[in-house]
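To keep things clear, I will list the structure first and then write my remarks on it.
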Amino acid sequence: GNSVTQMEGPVTLSEEAFLTINCTYTATGYPSLFWYVQYPGEGLQLLLKATKADDKGSNKGFEATYRKETTSFHLEKGSVQVSDSAVYFCSPGGGSARQLTFGSGTQLTVLP
Amino acid sequence: DTGVSQDPRHKITKRGQNVTFRCDPISEHNRLYWYRQTLGQGPEFLTYFQNEAQLEKSRLLSDRFSAERPKGSFSTLEIQRTEQGDSAMYLCASSADSPSGDYTFGSGTRLTVV
């Protein structure tokens, strides 16, 4: 099955700092790659996705590029805001597995 | 469509009682998934339906857990003889039948077993 390794948290940044959250995955077949965000007490919301190698997903200033050669999908944002404070989950999905597979997530706290 | 709906949002039950949760997926989505999430952890896959057929079950899904999707629309997850270790957030997600289909999650049901 699929698996994912994410950068350990928690990550604490000041507002307007640059963010990188590393994500590497293992999968059989050709998965799509997703980043989800979870706010306290809520379900997961899709942040961005990429469906094939070298695709770049982007949304709300966040970006991630599907790197098949390094099996990575690192999340970046040039200038974080306090409202970005949440838990971020990287996940491979599809390919030979129907369901998404999650790691422990990365807790991000942005301080004003 | 208002997305994936889960009911109830919160459930407190005494140990040994049975509980049932409901999930209403996005109407066009024929795939439905149940996950369990404990504090500080990522969601763990429990089971998956394509239409009304339950195609995959995790080893996490003990005999006390049963899920149904009788008409290929809403789904229920029942836990019999609840234990304190069942306390968690139970998340439902749905997706279209497409390799790159987005998975849409509900807000979850928070179960507390006392």
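The values are calculated or read from the model by the stated rules, or taken from the named source; none is laboratory data. Keep in mind that what you see is a predicted model, and the values were worked out from it rather than measured. Positions of Cβ are backbone-derived with ideal geometry, glycine not excepted, and every protein chain shown enters the neighbour counts.
Computed quantities for the displayed model
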{"item": "Residue match in region B:57-70 (condition: within 13 Å of chain A (Cβ to nearest Cβ) and assigned to a strand (DSSP E or B))", "result": "yes"}
{"item": "Test: residue in region A:6-24 that is more than 12 Å from the chain's Cα centre (by Cα), buried (at least 17 other Cβ atoms within 10 Å of the Cβ) and hydroxyl-bearing (S, T, Y)", "result": "no"}
{"item": "Search result, residues across region B:23-48 that are under 18 Å from B:Y103 (Cα atoms), touching a strand residue (DSSP E or B) at 6+ places or on another chain (Cβ under 8 Å) and more than 10 Å from every other protein chain (Cβ to nearest Cβ)", "result": "B:C23, B:D24, B:P25, B:I26, B:H29, B:N30, B:L32, B:R36"}
{"item": "Those residues of region B:82-97 which are over 14 Å from B:F49 (Cβ atoms) and surrounded by 14 or more Cβ atoms within 10 Å (Cβ to Cβ), in sequence order", "result": "B:T82, B:D86, B:S87, B:A88, B:M89, B:Y90, B:L91"}
{"item": "Criterion (among the aliphatic types (A, V, I, L, M), over 26 Å from B:S107 (Cα atoms) and either in contact with a Ser or Thr (Cβ under 7 Å, 6 or more places away or on another chain) or in contact (Cβ under 8 Å) with a residue 60 or more places away in the chain (or both)) met by exactly one of A:L33, A:L19", "result": "A:L19"}
{"item": "Residue satisfying all of: in region B:94-114; modelled with pLDDT of 95 or more and part of a strand (DSSP E or B); farthest from the other protein chains (Cβ to nearest Cβ) among these", "result": "B:V113"}
{"item": "Selection status of A:T70, assigned to a loop (DSSP other than H, G, I, E, B) and facing another protein chain (nearest Cβ under 9 Å)", "result": "no"}
{"item": "Given (1) outside any strand (DSSP E or B); (2) of a type in the set (D, E, K, R); (3) buried (at least 17 other Cβ atoms within 10 Å of the Cβ), index of the condition B:K11 fails", "result": "(1)"}
{"item": "Some residue of region A:87-110 being outside any strand (DSSP E or B), away from chain B (no Cβ under 14 Å) and of a type outside the set (G, A, S)", "result": "no"}
{"item": "Scope region B:66-81; condition at pLDDT 95 or above and either buried (at least 21 other Cβ atoms within 10 Å of the Cβ) or not hydroxyl-bearing (S, T, Y) (or both); matching residues", "result": "B:A67, B:E68, B:R69, B:F74, B:S75, B:L77, B:E78, B:I79, B:Q80, B:R81"}
{"item": "Test: residue in region A:46-55 that is within 16 Å of B:E44 (Cα to Cα) and part of a strand (DSSP E or B)", "result": "no"}
{"item": "Region A:47-67: number of residues that are within 30 Å of B:A88 (Cβ to Cβ) and surrounded by fewer than 16 Cβ atoms within 10 Å (Cβ to Cβ)", "result": "2"}
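A quick yes/no check of all residues on (1) under 30 Å from A:E8 (Cα atoms); (2) outside any loop (DSSP other than H, G, I, E, B):
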position: B:E28; (1), (2): no, no
position: B:L39; (1), (2): yes, no
position: B:T47; (1), (2): yes, yes
position: B:R81; (1), (2): no, no
position: B:C92; (1), (2): yes, yes
